[in-house]
1. Across segment 102-134, what is the total count of residues that are in contact with a helix residue (DSSP H, G or I) (Cβ under 7 Å, 6 or more places away or on another chain), free of Cβ contacts under 8 Å to residues at least 40 places away in the same chain and surrounded by fewer than 19 Cβ atoms within 10 Å (Cβ to Cβ)?
2. Just to be sure I understand, how many residues within segment 391-430 are under 16 Å from residue 154 (Cα atoms), in contact with a strand residue (DSSP E or B) (Cβ under 6 Å, 6 or more places away or on another chain) and buried (at least 24 other Cβ atoms within 10 Å of the Cβ)?
3. Does segment 49-65 include one or more residues that are farther than 24 Å from residue 151 by Cβ, crowded, with 23+ Cβ neighbours inside 10 Å and either in contact with a helix residue (DSSP H, G or I) (Cβ under 9 Å, 6 or more places away or on another chain) or outside the structural domain of residue 421 (by TED's automatic domain parsing) (or both)?
4. For segment 1-48, enumerate the residues that are out of contact with any helix residue (DSSP H, G or I) (no Cβ under 9 Å at 6 or more places or on another chain), farther than 30 Å from residue 262 by Cβ and either at pLDDT 95 or above or surrounded by 13 or more Cβ atoms within 10 Å (Cβ to Cβ) (or both).
5. Has segment 356-366 got any residue that is touching a strand residue (DSSP E or B) at 6+ places or on another chain (Cβ under 7 Å) and loosely packed, with under 15 Cβ neighbours inside 10 Å?
6. For segment 119-165, which positions are farther than 24 Å from residue 405 by Cα and within 21 Å of the chain's Cα centre (by Cα)?
7. Among the residues of segment 135-155, which ones are under 13 Å from residue 202 (Cβ atoms) and surrounded by fewer than 24 Cβ atoms within 10 Å (Cβ to Cβ)?
């Protein structure tokens, strides 16, 4: 991918385009919003949150001015609560279940209140939890994404010596490298990882399993291992021209945006994005905000079949993205660089036509990491390539546990966090015979 940045707008305008779409509440706004809460008994928002944060409790503490207590409630149930406050699809989770939505047609702004409390704690470097007394056992965690950070946090609180291994230079996984920049900057997830490090968790970054350390070494060094390595590379289109200059994976495109080195981000004048999930939306909206003159989203099915959330789709429409339905790419045209995307209609007409463009972004899902699980880790996977686990998040190897996207096939950061919590409970039960329940479990 050697396409240069070709934007007609200046850096100042790009910076404005990438301002947060959900800015923080000020004190007056937070107090006013928190006092709208009905503090429901058996609150539906708690059940709607995958980590089951006690939402009424943390909101009530904001209303009473106890921000540290509020942050403690949040982080107790979800160690990446600051990240989730920004990137969770609250419309379909906690806020979608809010009773106030029924009564007032406007739910409590739970996500922004959660951010208000967690930002306070992190900004003021408040100590939320302490590491437990050393218990003489160690756990190695592969992957520093949401699942890995969550698992590490709970294990450290139980007294385990924990080491996290990640091939990237910064911790946080997709929270750091794969979230749309207008939702959350890298700073948040990196600072959240620092909170985990304060519990004594060791981060071994720029460390790739099989290159810098063998899987066997990790097995010998630790009493248990946790796999939180997520998914692999973007699926291929399997059409000719896929290796032309100007073709890029959506996650690679987003990762370059995350540097905020705007002039080094590759950008065409006309950008065609293939796919219709949330990552595709992140790609089209950010290409538009960078200054691409024309951005199109190409999808083989109809509008009603898109997997992106409704609010994400609305965002793309507001950014003047064009949508081409029932259309499948059959060739990327060009000599050395992209000049067009050749497509065929899937509506039964089989019409073949070209979409002139100089950049193609692939956003059609990620591959499962079959070879690592089967050949390196030696754990069983299902017919879809997902790691098979039991209720303890234990794999076919009783010493190895797993969670996050590599188990569920790709979901939200909050789902991965919950899996990390479950795995910590499972690891502790397996190694000690003791049953422990963290916040969010009755």
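1. Residues flagged as in contact with a helix residue (DSSP H, G or I) (Cβ under 7 Å, 6 or more places away or on another chain), free of Cβ contacts under 8 Å to residues at least 40 places away in the same chain and surrounded by fewer than 19 Cβ atoms within 10 Å (Cβ to Cβ) within segment 102-134 amount to 2.
2. The qualifying residues number 5.
3. yes
4. Of everything in segment 1-48, those that are out of contact with any helix residue (DSSP H, G or I) (no Cβ under 9 Å at 6 or more places or on another chain), farther than 30 Å from residue 262 by Cβ and either at pLDDT 95 or above or surrounded by 13 or more Cβ atoms within 10 Å (Cβ to Cβ) (or both) turn out to be 28, 32.
5. Yes, the conditions are met somewhere in segment 356-366.
6. Result: 119, 122.
7. 138
For every residue, the table says whether it meets (1) closer than 30 Å to residue 338 by Cα; (2) without any contact (Cβ under 8 Å) to a residue 40 or more places away in the chain.
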| site | (1), (2) |
| --- | --- |
| 18 | yes, no |
| 24 | no, no |
| 28 | no, yes |
| 38 | no, no |
| 44 | no, no |
| 70 | no, no |
| 79 | no, no |
| 82 | no, no |
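The values are calculated or read from the model by the stated rules, or taken from the named source; none is laboratory data. Note that the structure is a prediction, hence the values are computed from the model and not measured. Heads up, the Cβs are rebuilt from the backbone with ideal geometry, glycines too, and the neighbour counts pull from every protein chain shown.
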